[in-house]
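Peer 1: Shown below is the structure under consideration.
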Amino acid sequence: MTSVRGVRRWVGNHLVLGAALLVLLYMITPVLVVILMSFNDPAGRLGYDFDGFTLDNWANPCGPYQLCSSLVTSVEIGVLATVLATALGTLMAFAMIRHRFTGRSAANVFVFLPMASPEIVLGSSLLALFVNAGFAGQLGFWTIFVAHVMFCLSFVVVTVKARLHGLDPALEQAAMDLYANPWQTFWRVSFPLVFPGILAAALLSFSLSFDDFIITNLNAGQTVTFPMFVWGAAQRGVPMQVNVVGTVMFLVALGLVLASGTFRRRQRG
Amino acid sequence: MTVAGASLLATPHPPAPERPRRPRTGYLLLLPGVLWLVLFFLVPTVALVASSLYDPTGSLFEGYQMTWHVQNYADAIAEYAPIFGRSLLYAAIATGACVLLGYPLAYAIAFKAGRWRNLMLIAVVAPFFTSFLVRTLSWKLLLGDNGFVADTLRTLHLLSPDGYLLATPLAVITGLTYNFLPFMVLPLYASLSKVDPQLIEAGSDLYASPITTFRRVTFPLSLPGLVAGTLLTFIPASGDFINSELLGNPRTRMIGNEIQDLFAAGALPVAASLSVTLMALIVLMVLVYVRRVGTEDLV
Amino acid sequence: MTDSRSSAGSQDLVLDRVTKRFGSFVAVSDLSLTVPQGSFFALLGPSGCGKTTTLRMVAGLEQPTDGSIRLGADEISRLKPYRRPVNTVFQNYALFPHLSTFENIAFGLRRRGAKDVRKAVGEMLELVELQSHETKRPTQLSGGQQQRVALARALINRPQVLLLDEPLGALDLKLRRSMQIELKRIQTEVGITFVHVTHDQEEAMTMADTIGVMHNGVIEQMGQPGSLYESPRTTFVSNFLGQSNLVAGHIVDAAGPDLVVEVQGTKVTGLRSRAAVTAGDVWVGVRPEKVTLTRSDASPEGWNVFRAGVVSDVSFCGVSTQYLVRMPWGQELIAFKQNTGAEAGLRAGDVVDLRWQREHTFFLDASEDAEAGVEHEDGA
């Protein structure tokens with residue numbers, strides 16, 4: 001039915017979807033640029049145009065001074081911070097959902113506060129602490145670590161809580177009814193069912209930690225993380241290998257997400 | 001374990017069973033995390049406020065004198081008021097843009113995506129996977145003077161021949177919008193996906209046009225997500241300085257830039273007072289906003 | 001894993017003056033009952049009456065505030081749920097979604113250290129007729145199948161008492177009926193004590209050897225389904241189990257073997273054994289299916305009669321027809337008549353007498369609320 005009315009209705013029905021796809025394009029384009037630029041052979045140091053195609057950047061990713069060392073530092077901090085933040089945050093989430101105690105709503109708000117503060121304020125207050133405590137000269141790896149655990153905690157708690165909320169308490173009661181003591185109940189029933197949430201929280205925590213600049217920069221001292229390296233390079237001229245790293249990160253993360261999706265789909269039978 | 005005959009001969013009032021030990025376990029589980037947050041979030045906040053009241057003539061090497069120097073605030077606000085205003089303005093515009101762009105996207109994913117839903121969600125989150133800074137740098141290419149976007153706009157006569165996009169407030173706001181869009185889309189999607197499609201059907205069953213149904217049914221139900229999204233967008237955006245630094249010029253500096261530079265220069269009290277002021281402004285705006293919209297349970 | 005199983009002797013489940021308070025709210029009040037070993041006991045009551053709380057206390061998922069629970073000679077009130085020889089079939093089944101049917105059923109055995117569970121699980125699958133479903137996840141099963149897995153998961157542990165918390169609530173009518181028969185069959189076959197909590201009075205009457213009717217935290221009456229139905233002791237029981245006509249009256253003669261009650265200007269008689277009180281004001285009760293509506297004026301010996309009622313509503317229910325009859329004093333009484341097809345039905349407006357045999361009368365305490373237990377559309 002190719003009447004005007006029919007066309008109008010088709011447009012109306014698909015207007016929102018069309019707008020959505022445009023927005024998605026807007027979101028994806030810079031990523032595509034990153035991937036494209038990883039193959040760029042720049043004419044000058046400060047230029048930011050695509051001049052020529054080359055595989056050199058991929059062949060020699062660690063060429064620029066400090067790129068790979070800062071990458072390693074970021075990964076180290078990321079892993080350590082993720083482990084601690086996930087562990088502490090999961091315990092907190094269990095406490096808040098499964099146990100009754102006074103001050104639970106206060107704890108809720110308290111955990112939410114770091115998420116709601118601008119990074120510059122979080123970073124500056126930590127710096128103020130370190131300076132006042134006399135650690136001004138010791139800013140570095142461990143102060144960054146401390147900061148990262150701090151702001152990742154809230155995200156872990158919120159993520160795990162969301163998953164735990166959907167966990168029917170009757171399941172844990174059924175386990176106990178079937179002769180599982182509290183430890184066995186946790187390992188055999190609660191943990192496997194909450195695990196996707198814990199995993200998501202860990203991944204979120206790692207990406208937040210890896211990507212953080214503002215808080216890190218204020219509390220890093222002489223240590224250089226990857227975002228700090230990029231920032232410094234932005235003034236001097238960004239080496240294209242930075243885009244190689246960006247592309248690799250994107251592909252790895254994308255791969256993980258797709259893999260977990262297919263794994264979950266296969267599990268469901 | 002068997003209390004054989006004893007229970008049968010029990011007194012008329014059998015012994016009361018033990019209290020459950022739940023509350024203690026709860027506190028124990030909570031303790032390590034809360035301790036960490038108290039040490040590295042609460043105490044630092046106190047330290048920051050304290051630092052803002054130091055005598056500004058001290059330095060990082062020599063130490064500071066605590067003189068309750070409230071004058072720091074007066075000085076800071078007087079000097080940086082325009083920049084505060086600019087930061088909040090940029091953040092507000094970026095948040096508005098995020099709503100305009102993000103709402104249709106969230107709506108589409110919730111109601112129109114069908115089996116592409118997960119793929120679209122991944123597409124929303126995918127930009128996260130590359131580094132924040134690297135992504136923002138790629139806007140430099142996109143908005144560059146010889147770039148595709150500038151060329152197109154010049155062809156369409158929307159940009160003068162010697163006009164430029166980079167190093168403008170527009171570029172900064174574009175960057176801000178781009179970086180915080182997922183924070184708007186995801187909470188909105190979470191809210192919208194909980195709307196029972198039958199409610200929308202009920203709307204049209206009761207003679208409402210699609211626009212009216214949206215206005216009176218869907219939109220109010222999406223408010224919790226909208227509130228969460230605007231907060232998660234506005235608050236970090238107001239303190240950001242990366243977009244301004246990479247995509248702007250000296251006249252687009254935001255309060256984050258100033259605070260960062262002051263800290264780098266070691267001017268602790270001034271920087272601290274700026275930080276506290278920013279935090280106070282945000283808290284104030286959020287309180288007014290949330291009270292106006294209605295308190296929602298965000299977490 | 002220790003449990004308090006005694007090897008010999010009666011294993012009756014005994015609740016001794018059990019009370020459960022949540023803050024100031026009393027969910028279960030001074031409840032005492034004995035469930036004989038091997039019997040099918042139903043705890044019947046409306047939602048909020050405390051029956052599920054009672055069940056959970058037997059399971060160990062709640063602690064009694066007062067009182068004790070015993071299994072045979074063993075005091076189990078303070079034992080953790082995983083130490084009690086008691087298993088539960090939960091209301092929404094609570095099947096572990098990350099485990100297969102096989103592993104769900106084997107769960108209890110594995111936790112108690114059993115190494116080879118193949119044989120036991122196989123027997124259980126046969127019992128509930130789910131042999132071909134053992135590798136499936138709970139989400140891949142239908143409601144009825146999930147219900148049977150939940151049952152198997154509990155039964156396989158050979159508990160001394162099996163608790164069922166409204167297990168058939170989520171099933172549709174036909175399936176529910178067949179599961180009722182199935183559960184009864186299994187119980188008889190396996191010989192385990194079943195404690196079945198439900199709000200469905202038909203379900204309780206069909207399945208149970210003994211019913212305890214619960215209301216506001218107390219058991220109002222306990223006994224066999226038949227005696228509970230024919231001789232209710234409280235208005236709640238009379239209205240909750242089936243329906244009742246309750247008319248206000250006053251006892252005028254309690255000397256002889258029969259009670260004589262003055263009701264609305266007529267004398268009504270009934271057996272003393274069916275009376276909850278023997279003096280003062282009473283509710284005179286009779287079940288609607290025991291009531292005959294006639295247009296004749298006869299007063300046969302041994303029948304009670306209310307005269308001059310006007311049929312106000314006729315509802316055809318397939319098996320029977322339900323009549324509402326407005327009496328001269330304004331009250332509407334109910335009568336059920338089986339549609340034997342032998343005689344023509346009555347119509348609205350017909351003037352009739354209500355008759356019933358005096359043995360079918362029961363008498364209840366007038367101080368009780370005549371509306372207690374009546375199901376209202378608005379849930380009041």
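Peer 1: Checking the a/c ratio against 1.5 first, then a/b against b/c, what shape does the Cα gyration tensor give for chain A?
Peer 2: Verdict is oblate for chain A.
Peer 1: Averaged across the residues of A:197-208, what count of C-beta atoms belonging to other chains lies within 10 Å of each residue's C-beta?
Peer 2: Going residue by residue through A:197-208 and averaging, the value is 1.
Peer 1: A further question follows. Based on Cβ point charges of +1 for Lys and Arg and -1 for Asp and Glu, what charge dipole magnitude is obtained for the protein assembly as shown about its Cα centre, in debye rounded to the nearest 20?
Peer 2: 1460
Peer 1: Here's another thing I want to ask about it. Take peptide B:137-147, look around each residue's Cβ out to 10 angstrom, count Cβ atoms belonging to other protein chains, and average those counts.
Peer 2: Mean shielding count: 6.
Peer 1: Compute the signed sum of charges (Lys and Arg +1, Asp and Glu -1) over the other residues within less than 14 Å, Cβ to Cβ, of B:Leu181.
Peer 2: Result for the local shell: 0.
Peer 1: Right, something else. Suppose a student asked you for the relative contact order of chain B, using Cα pairs under 8 Å spaced at least 6 residues apart; what percent would you report?
Peer 2: Reported as a whole number, the value is 26 percent.
Peer 1: Of the cross-linked pairs C:Lys51/C:Lys184; C:Lys20/C:Lys174; C:Lys20/C:Lys184, which ones have a Cα-Cα span greater than 25 Å in the structure shown?
Peer 2: Check vs 25 Å cut-off fails for C:Lys20/C:Lys174; C:Lys20/C:Lys184.
Peer 1: Quick check on my link table: of C:Lys80/C:Lys115; C:Lys80/C:Lys136; B:Lys194/C:Lys80, which ones sit more than 27 Å apart, alpha carbon to alpha carbon?
Peer 2: Beyond 27 Å: C:Lys80/C:Lys136; B:Lys194/C:Lys80.
Peer 1: Among C:Val128, C:Val218, C:Val319, which one shows the biggest mean-square fluctuation in a GNM of chain C, springs joining Cα atoms closer than 10 Å?
Peer 2: Looking only at C:Val128, C:Val218, C:Val319, the largest GNM fluctuation is found for C:Val319.
Peer 1: Rounded, prolate or oblate: pick one for region A:1-113, where a ≥ b ≥ c are the square roots of the eigenvalues of its C-alpha gyration tensor, a/c under 1.5 means rounded, and failing that, prolate if a/b is larger than b/c, else oblate.
Peer 2: Note, shape of region A:1-113 comes out oblate.
Peer 1: Given the rule -39500 (n - 2.57) for each run of at least 4 DSSP H residues, summed and divided by the residues of chain B, what is its mean residue ellipticity at 222 nm, to the nearest 500 deg cm²/dmol?
Peer 2: Estimated from H runs of four or more residues: -21500 deg cm²/dmol.
Peer 1: Separate question: Report the Cys residues of the protein assembly as shown lacking a disulfide-compatible partner, meaning no second Cys Cβ under 4.7 Å from their Cβ.
Peer 2: A:Cys152, B:Cys98, C:Cys49, C:Cys317
Peer 1: Under 8 Å for C-alpha pairs, at least 6 residues apart: give me the relative contact order for chain C, rounded to a whole percent.
Peer 2: With pairs under 8 Å counted, the relative contact order is 15 percent.
Peer 1: When Lys and Arg each count +1 and Asp and Glu each count -1, what net charge do the other residues less than 15 Å away from C:Ile105, Cβ to Cβ, add up to?
Peer 2: +4
Peer 1: Going 7 Å from the Cα of B:Leu221 along its beta-carbon direction, which residues of region B:96-112 have the amide nitrogen within less than 17 Å of the resulting point?
Peer 2: Label zone hits: B:104, B:106-112.
Peer 1: Project the alpha carbons of the protein assembly as shown onto their principal axes and report the range along each, largest first, in whole Å.
Peer 2: 118, 78, 62
Peer 1: About its Cα centre, how strong a charge dipole does chain A have in debye, to the nearest 20, once Lys and Arg get +1 and Asp and Glu get -1 at the Cβ?
Peer 2: My answer is approximately 1120 debye.
Peer 1: While we're here: With contacts defined as alpha carbon pairs under 8 Å and 6 or more residues apart, what's the relative contact order of region A:65-238 in percent?
Peer 2: Rounded, it is 42 percent for region A:65-238.
Peer 1: A further question on this structure: If neighbour count is taken as other Cβ atoms inside 10 Å, put A:Lys161, C:Lys136 in order from fewest to most.
Peer 2: Exposure proxy ranking, most exposed first: C:Lys136, A:Lys161.
Peer 1: For region A:4-57, what does the alpha-carbon gyration tensor say about shape, rounded, prolate or oblate, given a ≥ b ≥ c as the root eigenvalues, a/c under 1.5 as rounded, and a/b over b/c as prolate?
Peer 2: Cα axes put region A:4-57 in the prolate bin.
Peer 1: Report, in deg cm²/dmol and to the nearest 500, the calculated mean residue ellipticity at 222 nm for chain C, where each DSSP H run with n ≥ 4 adds -39500 (n - 2.57) and the sum is divided by the residue count.
Peer 2: -6000 deg cm²/dmol
Peer 1: For peptide A:130-136, what's the mean number of Cβ atoms from other chains within 10 Å of each residue's Cβ?
Peer 2: Per residue, the number of nearby Cβ atoms from other chains is 5 on average.
Peer 1: If you count the DSSP beta bridges with both ends in the protein assembly as shown, what percent of them are antiparallel, to the nearest 5?
Peer 2: Of those bridges, close to 75 percent are antiparallel.
Peer 1: When Lys and Arg each count +1 and Asp and Glu each count -1, what net charge do the other residues less than 12 Å away from A:Thr225, Cβ to Cβ, add up to?
Peer 2: Residues close to A:Thr225 contribute a combined charge of -3.
Peer 1: Springs between alpha-carbon atoms under 10 Å, Gaussian network over chain A: tell me which of A:Ala95, A:Ala202, A:Ala220 tops the mean-square fluctuations.
Peer 2: It is A:Ala95.
Peer 1: Sorting check: for B:193-205, B:67-79, B:117-129, A:119-131, which peptide has the highest mean count of neighbouring beta carbons within 10 Å, and how do the rest follow?
Peer 2: A:119-131, B:117-129, B:67-79, B:193-205
Peer 1: Can you give the three extents of the C-alpha atoms in region A:209-269 along their principal axes, from longest to shortest, in whole Å?
Peer 2: Principal extents (largest minus smallest coordinate, Cα): 52, 26, 13 Å.
Here, each number is a calculation from the coordinates, and none is a lab measurement. Being a predicted model, the structure only gives us computed values, none of them experimental. Cβ coordinates were reconstructed from backbone atoms using ideal geometry, including for glycine residues, and neighbour counts include every protein chain displayed.
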